[in-house]
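Working notes, beginning with the structure itself.
Where a number appears in this text, it was derived from the coordinates with a stated rule and is not lab data. These numbers were taken from a predicted model, which means no experiment stands behind them. Neighbour counts are summed over all protein chains in view; Cβ atoms, including those assigned to glycine, are modelled from backbone coordinates with ideal geometry.
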Amino acid sequence: MRLYIVLLGPPGAGKGTQAERLSKARGIAHVSSGDIFRENIKNQTELGTQVKDILDRGDLVLDDLTIAMIRDRLKRADCEMGAVLDGFPRNPAQADALEVMLAEFDGQVDVVPYIQVPRDELISRLSGRWTCRAEGHIFHATFNPPQVEGVCDHDGSELYQREDDKRETVERRISVYLEQTAPLIDYYRGKGKLVEIDGNQAIDAVTSDLLAAMPEQGD
Ligand code: ADP
Ligand code: ADP
């Protein structure tokens, strides 16, 4: 059976950081909607041109575009054993679409860890976040620094500060999260899939709690 994990939590909660680790631990793909949008912007594709201003403002991209993009991604060979979804779904319409899509692939959302972090901590995390140009690997100036400043430990590429990690845009993204994405907490709680995780701990401690919340292999 495929394993599909949806990571829920505000911007800066640690979804990307933990998704990388869970995907390695369980041998499933890491699917980050934000990374795919940023990759398209970097490569100046048609999709990239359509979404750049939206990402820079901190608003959500249209559901139809986002859903079609994730459907294509989940059909790829590296998702054969399942995926950790990071940043998708972001509203109830996307969550409904995900359910239909996974049913087509003979799967379902298995577990939804909700990573909780206080607002002040989110702001310090996002303002010190450094992201790798090549693959989107994530670091923090103080909380998780790379071995060499400005250089990704994993692939040697340049680290940059995301345009939308500026203070004003961070505030906007947190409001968008509260309005549009936070309803998914009750949505998945109602389906019995939600597991609350204390995200205000060291990165390794959060990973252990997440691994403990995963279904056993073969279940
Ligand atoms: P999200 O994908 O939810 O926006 P990220 O994984 O990109 O979050 O993490 C946001 C920032 O916080 C990054 O700079 C990351 O290195 C840092 N970070 C992630 N988890 C923790 C943690 N448990 N403690 C301190 N900093 C963290
Ligand atoms: P973070 O990790 O800090 O929460 P993401 O990388 O997930 O940020 O998302 C960055 C931006 O990409 C969002 O502010 C939004 O503009 C766009 N985006 C990402 N995922 C979605 C989605 N599922 N629906 C609509 N827009 C999205």
Report the residue count in region 23-58 for those that are over 18 Å from Phe139 (Cβ atoms) and crowded, with 16+ Cβ neighbours inside 10 Å. 16
Identify the residue in region 103-133 that is among the hydrophobic types (A, V, I, L, M, F, W, C), surrounded by fewer than 20 Cβ atoms within 10 Å (Cβ to Cβ) and in contact (Cβ under 8 Å) with a residue 24 or more places away in the chain and, among all such residues, is farthest from Glu163 (Cα to Cα). Phe105
What number of residues within region 134-157 are outside any loop (DSSP other than H, G, I, E, B), without any contact (Cβ under 8 Å) to a residue 40 or more places away in the chain and within 12 Å of ligand 1 (Cβ to nearest atom)? 2
Output the number of residues of region 101-133 satisfying the condition of being within 16 Å of ligand 1 (Cβ to nearest atom) and either closer than 19 Å to Arg73 by Cα or not β-branched (Val, Ile, Thr) (or both). 17
Selection within region 7-61 - within 7 Å of ligand 2 (Cβ to nearest atom), touching a Ser or Thr at 6+ places or on another chain (Cβ under 9 Å) and small (Gly, Ala, Ser): Gly12, Gly16, Ser33, Gly58
So, in region 17-50, how many residues would count as being under 23 Å from Val206 (Cβ atoms) and β-branched (Val, Ile, Thr)? 3
Expected single match for buried (at least 20 other Cβ atoms within 10 Å of the Cβ), within 16 Å of ligand 1 (Cβ to nearest atom) and closer than 24 Å to Val206 by Cβ among Leu98, Leu85 is Leu85
By residue number, the members of region 8-55 that are more than 27 Å from Pro183 (Cα to Cα) and within 12 Å of the chain's Cα centre (by Cα) are none
Per the list (1) among the polar types (S, T, N, Q); (2) part of a helix (DSSP H, G or I); (3) farther than 17 Å from Asp53 by Cα, residue check on Gln201 breaks on (2)
Looking only at region 134-146, count how many residues are in contact with a Cys (Cβ under 8 Å, 6 or more places away or on another chain) and surrounded by 17 or more Cβ atoms within 10 Å (Cβ to Cβ). 4
Give just the number: which of (1) more than 14 Å from ligand 1 (Cβ to nearest atom); (2) of a type in the set (Val, Ile, Thr); (3) under 16 Å from the mean Cα position of the chain (by Cα); (4) assigned to a helix (DSSP H, G or I) does Val170 not satisfy? (1)
